[in-house]
Every structure is written in C-alpha cells, then in structure tokens.
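Data block below; observations after.
The values are calculated or read from the model by the stated rules, or taken from the named source; none is laboratory data. Here the structure is a predicted model, which means the values were calculated and not measured. Glycine gets a Cβ as well: all are built from the backbone with ideal geometry, and neighbour counts include every protein chain shown.
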Amino acid sequence: MEALRRAACGLLFQHAQAALCCYDAGDRVLFWNAAYPAFFPEVAAHLRVGMHFLDSVTAFLRVQHPDVDAAEIEAGAAAALDRHRRLEGPLRYQRGDDGRWLELRMFPQPDGSRIKIWNDVTTAQMAPSEDLGMLELLTVGHVGLIVHDAQGRLVYTNSRYFSEMFLHVLTTLPDIRQRDAHATYWPRFHEMFDDAADYRALCERPDAGALAAPATLKARTGRWFRIAEQAWRGGIASVWTDVTDLLEREQALKAAYADMMALNIQLRDRAETDSLTGLPNRRRFDAVLSEAQARVDAGAGRVVGIVDVDHFKSVNDRFGHDIGDGVLIEVARCLRQGLVPGDVVARLGGEEFGVVLADVDGGAAFERAEDLRRRVEALACGDGRGGVVRVTVSIGLAPMARDVAVTDTVRTADLAMFQAKADGRNRVRAA
C-alpha cells in the first residue's frame, strides 16, 4: 500500500489539479484524492473504500439513467469493467452534463493494482482552430457523434452517443473501437435495428467509406435514427440523430393535411352541389361555363341550354311542395340520363336548369335538346294520391362563340327559352 501511495503522489506531481483514484488487483477502491469529488460528485457521493469497481459503476448508472431496466444497467457496468481492465493509452471523452473534456490515463502497478488519473483537457481540446467546428458538433446535446481516424481507430465520441442514445450498446463498445471494414463494422449494430431492407442495404454496400447520403434506420426500441457521415482528416465522422419525434410530427402533419384536403373537397362539393337534386348548382355551372368558353376559344364547339319546367307553380299549388320537390328530382334525373359524356346539367334555382352540350353544332344541339324535352314529357311522377303528375319543359339554346362573353351567351339562351314558352311551351327554340 505504501508503495502505491508513493507512486500516486509522484503521478500527482506530474498531473496537478487532476482527479485520482486507486484500485487494488481485485478492482476494489483503495483511496482517491481531494480533486476526485470535484470531478465526479455523482460518483463520490456513494464511493466507499473497498467498494468494487463494478458496484460503483452500477450505482452511477442507476443515478444517471433511472428509467433504464436493471439488465441493461448491469450490461453497461460489465462493459465498463472490461474497459477498466483493458485500458491502454490515454482516452479522451466528453462529459454529458457540463460538456467538459476529460483525459483518462491508467497506470498499472507491479502488484496488479491500478491508478487512474483524469485531467480536464477542455482548453487543450479547443486549442486547434481547425477543430472548433468539430467541437461545436461534439457539444450539441441532441446528437450522437463518433469519429474514426484514417486507420479506423476510434478517436472521438460524445457522451450522448453511448449513454442516453445507445446505453445497451456499451456491451459491444470494445468490439467497435476499430472500424476496420464495413462488412464487420455495420453488422455489429444488428441487435439495435430492425432487419429492414434499408439496414441490409447499409450493411451490404460495397463502399467501406463514409455514407454517400444519410440513412434512416428504426431501432428495435421503436426509435428512428438518421445517420449522416462525411470524411474528416482522412477518417470518418458519423452523426447520429434521433429523429423519431420529427418523423412522428411529419406523419401527423401529412395526416392532418390529407384530412384537411378531404374536408376541403367535401366542403367544395357541398358548396357546388344542389342539395335537393344532387346536380351541380349555379356556382358550379358558372365555373363550367368558363371552362367551356376556354375550349371554344381553342376551337371546340359548345352550346348552352336553359331548361325551365312549364307551369311548375301550379304543381306546387295543387299537390304541395313535397310533390313539387319530387317532380324536380325526377326531372333532374331525366335530364342527367339524357346527356352524353362531356355534357353538363345543373340546377340554377327553382324549376330552372342549365345545360352545356359538348362538341356539337347548332343542328346536333337542337336534336339533343329535343331528346331531353321528349324524355321529360314522358315522365309520370306520383302525386301522393294514387295518381300521376306530368310536366313539360321549354328549352332555349345559344351557341358559345369566340369573343362573346359567357353572360351574353346565357342571356341569349334565356331569351330563346322565353320564346319557346311564348310559342306554346313544351318546345325547343334556338337563338
């Protein structure tokens, strides 16, 4: 013990302001210096002489990760003990709580005991100006970062990478210190991720260098990680970001957007549909007329028709509005059935309907309108008393033309419809 204390004192002369802790050959705590609690207050709070290294690490992990299950804590502690026994050369790492950089050195003694010394190297770590960008990345709290040099040796890792994000990977840390070949490196993460196609593609890619594009993988825990890599000083810097919340928000936004678009379509349909007959209403008919005019300007033929049910007021007066509504529904059905693809019929209000006949000239339009008139004339609607109600329609036609306003065309068709009524009703008149 005395020889060990002398060795420790000698080392402290070389490493002023350093934290020191000594362990015997059985990995039990022998003593520590006054600086140790300042470096590791969360450990010193429960550290005792004679305490086994494994017990101290287990207690520390339980404090740092209260929500992690016991098996995972034990696995992490066992991996830490393995590193404690096999540590060679200085190891630099970043603390997760305050962002400081520490350098750990192990000094084995002839009797099997070990002296561990921690130096705060934050200032030295930040000295090279070319490292400032990397250090900014290392200190970002919500990403994990791991860097391998040109020889594949692990040179940097921030605390989030192997603690909060991948505590259960601590058990494999000794095995992934060397990124010697992608064929062995990536598959070591197999236990972390679902066996999905994107994971297999990552493992099977022929290039052992940095990823050409970010990869997004789902862990077996249900979390999603996006991995971005780039060359750095001949080596590879890998940034791991937990994007689970981001992806969930994206999915929620997409779902909300889809719902909103569906609702907009429903609202538009309701706003442009006649509630009684199910036909397009005047608002939609105006839009159809504008579209038809554009086609006419491009050389197509379109004819506008105004259809009005003859003596409809008397139907309401004699049989009531319910029967009148039933008559309008049947007239609408009859007109719809008489159209051909490309034609449109709408209810403009009351007993008045509008039609747009597509790809016709004046003569063909007249014949189509006559067919509609005959269909309505053949209707036999129930009167609610065991009898029938028969109605007829008067139709006015007007061809759409270039450089003629839609409103003028509709007015012309309307005048033609009134002419049909003046000529005795139940007939077609063309302007």
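Observations, loosely collected:
- Checked against the criteria, Asp423 counts as over 27 Å from Ile329 (Cβ atoms), out of contact with any Phe, Trp or Tyr (no Cβ under 8 Å at 6 or more places or on another chain) and not β-branched (Val, Ile, Thr).
- Scanning region 345-379 for residues that are acidic (Asp, Glu) and buried (at least 17 other Cβ atoms within 10 Å of the Cβ) gives Glu351, Glu352.
- Total residues in region 413-431, condition free of Cβ contacts under 8 Å to residues at least 24 places away in the same chain and buried (at least 17 other Cβ atoms within 10 Å of the Cβ): 0
- When Val327, Val307 are checked against the criterion of being touching a Cys at 6+ places or on another chain (Cβ under 7 Å), among the aliphatic types (A, V, I, L, M) and in the same structural domain as Gly354 (by TED's automatic domain parsing), Val327 stands alone in meeting it.
- Lone qualifier among Gly326, Gly342, Gly299 - being part of a loop (DSSP other than H, G, I, E, B), surrounded by 13 or more Cβ atoms within 10 Å (Cβ to Cβ) and out of contact with any Leu (no Cβ under 8 Å at 6 or more places or on another chain): Gly342
- Listed by position, the helices (runs of 4 or more DSSP H) inside region 1-92 whose residues that are modelled with pLDDT of 85 or more and loosely packed, with under 15 Cβ neighbours inside 10 Å number at least 2 are 70-86.
- Positions within region 380-412 being loosely packed, with under 13 Cβ neighbours inside 10 Å and either in contact with a helix residue (DSSP H, G or I) (Cβ under 6 Å, 6 or more places away or on another chain) or not assigned by TED's automatic domain parsing to the domain that holds Asp310 (or both), in sequence order: Gly384, Arg402
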